[in-house]
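Below you'll find the structure, written out as structure tokens, and then a few comments.
Read-outs: derived from the displayed coordinates by stated rules, not from any lab. Predicted model only: the values in this text are computed from it and were never measured. FYI the Cβ positions are ideal-geometry reconstructions off the backbone, even for glycines, and counts take in every protein chain you see.
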Amino acid sequence: MKKAADVEWIGPAATDGAIAAINLDSARCASWKRFRADPCRAGLAELILEQEHLAAQFLGDLDALGRMEIVADELARIDESSGRTALVEAQVASAAHRFADASRHLAHARLRGAPHARVDRQMLSVDQACGRQLNTVLEARRSIAAASGRLEDLVPLGAVLADLHRFDEADDIYRRAIVAYDDVSPFPLAWTCFQLGVLWSEIATDPDPNRATRWYQRAIEYLPRYVKARVHLAEICAVDGRLADAEALLVPALLSGDPEVSWRLADVLVQQKRGDESATHLCTARVRFEELLARHPLAFADHAAEFYAGSGGDHSRALDLARANLANRPTRRAAELASAIASSNDAAKTPCGVPFHAEVVV
């Protein structure tokens, strides 16, 4: 049963999100300066990966994946045989959704003497991302979260519960994560609010757009530059016919270079009968998706598949991408995406307009 509306909910206080984003940019620059001077400095590579991950996840700086690869390549050049290098390579591979490579690097890390706890933790994330052994992953996540009680461990537990369609349990865990948070950075709080928005807008079998809207809004309140939250909230606004609100959410995020911003803005503009402007943003989205796919094909296969299946207007390209995504991470959502694109493509080719369901190759 769904919970009552969260109208009175007040989250923990945190550092101003605009200031936190500026501080992150400054910290990344300082870390890279130190890395160029001493790439083997203890903990520095790991710090840069964390900072670049934040830039990609929250600020829409998708070129961060390339910078993460520079870190891994440099460590491999200097100390190819160390367990630490293998762990870094695994983390970078996971960030780019190269999960087979990540598993291989983790096996090397174990053989090279990397701490087994760190190897196991990363392997758990890979299994979860690929939808493998989710009940085993769930028990491991429960154990980790019970031992620490930290937001960083509760949110992945909520995510696996959501993957298993245990939506109310996932909601409870995400809320516990917010209550348990005892720091001032807005990034983890924004992340948790965003996960709650995704839970109730995209994962739950009985979506609640109003509830999702409130969580997306809170994510943006914590972090105004949160690109993904802006995009997801804009989608809800567009469906509701609040096109001006959707446009206002998307325009400030254009500078991020995330192609989904340009794509969703193009859709909003075409609904407003602003065809020339829409075409410009659609072209930008297409070019940017292709740039990213050329560098990191598995990281963007799912979103690019959705783009080409819709506004991008290339069903063959969409189906190829969806099948590549499914082969890489055979999750329920990846299978549903590939099946939906295959069905819509077949419907378009069938003269009577009745789709037939092609077999989706895993």
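A few comments on the model shown:
- Counted by Cβ distance under 15 Å from residue 31, the other residues give a net charge of -1, where Lys and Arg count +1 and Asp and Glu count -1.
- Label-to-label distance, residue 107 versus residue 206, with points set 7 angstrom from Cα along the beta-carbon direction: 4.5 nm.
- Mean sequence separation of contacting Cα pairs (under 8 Å, at least six apart), scaled by the length of the chain, corresponds to a relative contact order of 13 percent.
- With R₀ fixed at 35 Å, the C-beta to C-beta distance from residue 291 to residue 53 puts the FRET efficiency at about 0.95.
- Label positions at residue 254 and residue 332, each projected 7 Å from the Cα along the C-beta direction, are separated by 3.9 nm.
- Cα-centred dipole magnitude for the chain, charges only on beta-carbon of K, R (+1) and D, E (-1), debye, nearest 20: 520 debye
- Distance between the C-alpha centres of segment 140-160 and segment 167-211: 13 Å, rounded to the whole angstrom.
- Annotation: the chain has a Kirkwood hydrodynamic radius of 21.7 angstrom, from the mean reciprocal C-alpha pair distance.
- Over segment 27-130: Kirkwood hydrodynamic radius from C-alpha pairwise inverse distances, Å: 13.7 Å
- Working ranking of peptides 56-64, 83-91 by packing, defined as the average number of other Cβ atoms within 10 Å per residue, highest first, is 83-91, 56-64.
- The ellipsoid equivalent to the alpha-carbon distribution of segment 70-228 has semi-axes of 31, 18, 15 angstrom, derived from the gyration tensor eigenvalues as √(5λ) and listed largest first.
- The length gained on full extension between residue 136 and residue 117, counted as 0.36 nm times the residue separation minus their Cα-Cα distance, comes to 5.2 nm.
- A Cα-only calculation for segment 133-225 places Rg and Dmax at 12.8, 37 Å.
- Relative packing of 188-200, 260-272, which averages over residues the other C-beta atoms within 10 Å, highest first: 188-200, 260-272
- Protection proxy ranking, peptides 299-309, 163-173, average beta carbon neighbours within 10 Å, highest first: 299-309, 163-173
- For segment 100-182, the equivalent ellipsoid built from the Cα gyration tensor has semi-axes of 25, 15, 9 Å, listed from largest to smallest.
- Put a dot 7 Å past the Cα of residue 16, heading toward its Cβ, do the same for residue 166, and the two dots end up 4.2 nm apart.
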